[in-house]
Amino acid sequence: MKILALIKISLDVAEIKVDPATAQLRLEGVPEKVGNIDKNTIEAAVRLKEAAGGTLTAVCLGPASAKDSFKDVLAMGADDVTLIEDPFGGKGEPGAVVRILEAAVRKLGPFDLLMAGFASDDGYTYQVAPRLAERLGLPLVSYARQLSLEGGKLKADRDLDDAIQTVQVDLPAVVSVAEEAFPPRRTTLMDAIKAKKKPVNLWTAADPLGLSAEELAKNSRLASSSQIGIVVHRKGQVFKGQSAAVLADKLVDALVEDKILKGGA
Amino acid sequence: MSANQILVFSEKASLLRELLGKARQEADALGWQVAAVVFEGDPAAASLGSAGADLVYPVPPAAGESPERLLNALAEVARQAQPAFILMGATKVGMEAAASLAERLDAAYAPWTVRFQIDPTTCAATAQCMLFASSGMATYQFTPGLVVLTSAPGVFPKPAEVEKTARVVSLPLAQPQGRLEVLGSREKVRGATSLEDARFVVDVGQGVKQREDLALVESVASLLGGQLGCSRPVSSDRDWFPEWLGLSGKKVKPDLCLCVGVSGAVQHLVGIRDSQRIAAVNNDEGAPIFNQADYGVVADLYEFLPAFSERIRARGLRPTWTA
């Protein structure tokens, strides 16, 4: 069994701050790491690899500087990582990003399973797995919670809004993993030592994929785009350092002032 | 057939009406048509005119059975109807179908849309969309051509009913095929009450230690006629509630949201940030929730909540939403 797992170096969205005066998003200095959903994806892939035997390659489109970010992924059980240096520096349109990933996946050769998170931690737009499945002409098992291999087929529970649907499909297939469905395992020192010997192969879009950012950008349907931050307008009053009864009175006072509570003497 | 049509789909009936209402507004400004895709035999189909649909395209019920069948049916409708614009519901089903459809039709795509406009002269669309788990908002101006957008429940208001009957147009559609074999399906347990309409929500976080402690939280909720919600781990890991509040869960907009033991992860805050007032109790002064709250109380919730109830009773207060 050959498994490919797509992972993303994601921004920690909790650390994205908004300048309250200009409503600009402050993205500089926001920590980046392999996303939580991506570690869930690796966990799901490692479990299938353990059950069926075979290899697991993690595929990442990201900055070349991310080369040292995959220690956990390799310690968890991925055999190697293919890091494709992102020609768009993280700002590529999904349509172009998916074309690079498609080329990389095809270059890595025939596989049984291509796995990805249902969405990335930062973009959260749910589109890479469906678009890739469409481009590759493969069935997509989305929002997977339970995964097992039975008689050469993949069986999965799909976590939908109102229901859990159980499906099965022939391989090869694309699988997107539901959030928090596969909590990543703890790794040991031994795992970490083994991981050091595993390769992280650095590719570019040009070599060996033969793609250029300029060509990819020609497919764009955007005339322009801009971003602003959402400014939160909250009072931010903090009550502390007093007895529970005094603090309770202070909150009650505030809610009376706001006309949320009324009446009383 | 019609390069002046907005095609609308959601498998969720209430969301479909919201999307149709918004599509109607845009279509009226442009002199365009609004068409809805429904499953054959859906009893609600005839009434979609009252939400703004001019046309209804039924697709075989099999299209509802798996994502690939749905995609194939929607793609075939789009091929025959040739809409200029496709608006879909941002549910899990809709997000998957919309992204696949955009890729198949080579259309521009933007999810999590909260506003959009179509230029009457160029027919080019502009969309404002939530970004970075809703920390930001992007504005996309598209070049002319087919655009697919998704919008979440509650983004557009429920439309006022108009007196109008949609024309049912049966396109020649084959049974949609798909490679997924569906072995079974079970409904998730739903909350009995509608959290979305609650005026007061007590939001339970991981700081509430034991399931038995919910009695304490419930006593505050019932004192002020409110309902309980929770953060995702309280639902998914502990299984105390079938639903959670947040980016991937329910979104509430009460007069008051009282967060108890909630740390304030950004994905959770998305679910409560439309509250008029947010009050938070947490014993960790550094908890991010305090940056997002109107009132932060740094205290042990087990001491604070009984005191809070006691002071409200002692002062003879009641919430404005009770008579």
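Any read-out appearing in this document is the output of simple, stated calculations on the displayed coordinates, not a laboratory observation. Given the structure is predicted, the values throughout are model-derived calculations rather than measurements. Cβ placement follows ideal geometry from the backbone for every residue including glycine, while neighbour counts extend to all protein chains displayed.
Computed quantities for the displayed model
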{"read-out": "nm² value of the averaged projected area, convex hull over the Cα atoms of segment B:57-133", "value": "5.8 nm²"}
{"read-out": "C-alpha long axis of helix A:36-52 to longest principal axis of chain A, angle in °", "value": "40 degrees"}
{"read-out": "For segment A:2-217: rounded, prolate or oblate by the Cα gyration tensor [a/c cutoff 1.5]", "value": "rounded"}
{"read-out": "Rh (Kirkwood; distinct C-alpha pairs) - chain B, Å", "value": "21.7 Å"}
{"read-out": "Per-residue mean of C-beta atoms belonging to partner chains within 10 Å, peptide A:162-171", "value": "6"}
{"read-out": "Calculated from backbone phi, Karplus (6.51, -1.76, 1.60) coupling profile of segment B:220-237 in Hz, x at Gly/Pro", "value": "5, 4, 6, 4, 10, x, x, 10, 8, x, 7, 7, 4, x, 5, 8, 7, 7"}
{"read-out": "Cβ-derived FRET efficiency at R0 45 Å, A:GLN146 paired with B:TRP321, nearest 0.05", "value": "0.60"}
{"read-out": "B:GLN206/B:ALA44 FRET efficiency (R0 41 Å; Cβ-Cβ; nearest 0.05)", "value": "0.55"}
{"read-out": "Label-point separation in nm, B:SER194 to B:GLU303, each point 7 Å along Cα→Cβ", "value": "4.1 nm"}
{"read-out": "Calculated FRET value between B:LEU223 and A:ALA213, using beta carbons and R₀ = 35 Å, to 0.05", "value": "0.05"}
{"read-out": "Projected label distance in nm at B:GLN177 and A:ALA163, using a 7 Å step from Cα toward the beta-carbon", "value": "2.4 nm"}
{"read-out": "Segment B:5-168, Rg to Rh (Cα coordinates; Rh as Kirkwood inverse mean 1/r)", "value": "0.93"}
{"read-out": "Nitroxide proxy distance, nm - points 7 Å out along Cα→Cβ at A:ALA223 and A:MET190", "value": "6.3 nm"}
{"read-out": "Net charge dipole size for the protein assembly as shown [Lys, Arg +1 and Asp, Glu -1 on Cβ; Debye, nearest 20]", "value": "220 debye"}
{"read-out": "Cα centroid of segment B:86-126 to Cα centroid of segment A:19-68, whole Å", "value": "27 Å"}
{"read-out": "For the protein assembly as shown, Kirkwood radius (reciprocal of mean inverse C-alpha pair distance, Å)", "value": "25.5 Å"}
{"read-out": "Extreme residue, positive dipole direction of the protein assembly as shown, given options B:VAL298, B:LEU19, A:SER212 (C-beta unit charges)", "value": "B:VAL298"}
